[in-house]
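Peer 1: Take this structure, written in structure tokens, and hold onto it; I'll ask about it next.
Please treat every number below as a calculation from the coordinates, not as lab data. None of the values given here were measured: they were computed from a predicted structure. Note that we place each Cβ from the backbone using ideal geometry, even for glycine, and neighbour counts take in every protein chain shown.
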Amino acid sequence: MTEQLTTIINELINADSCNDALRATAGAFLDAAGTDGEKDAAKALMAKLVESVNTIDESLSFFKSEIGRKVFGEAADGMIASFEAAKEKGEKFCLCPACQVGAKLYDLLSAEYGA
């Protein structure tokens, strides 16, 4: 495993917005590094990233929903504006740290271990 991959995984694990299941799967991958289980752990992490990383459209839908407005209150309007501006610039993923790092991590894992 490369130093870059380790750094990005640690960024993901330490992101406040990372969910517990994704954090655990990323940790399991780090634990499996250098073992016969590394490739399987990479595949499991890739699957968890697909499940956990939100697209910008998924995030926008949430912020605009009744639940999203309850969770974020008045801040939802600002988040919607920020996400819509990012989408116009071509952003494809949620702007939270976990999703941004997770999208990069998926690409690195795909290149290293295959899709």
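Peer 1: Give me the net charge of residue 22's neighbourhood, meaning all other residues with Cβ under 11 Å from the Cβ of residue 22; Lys, Arg count +1, Asp, Glu -1.
Peer 2: Around residue 22, the charge tally is 0.
Peer 1: Which of 43/89; 48/89; 70/104; 39/92; 64/87; 48/92 have a Cα-Cα distance over 21 Å?
Peer 2: 43/89; 48/89; 70/104; 39/92
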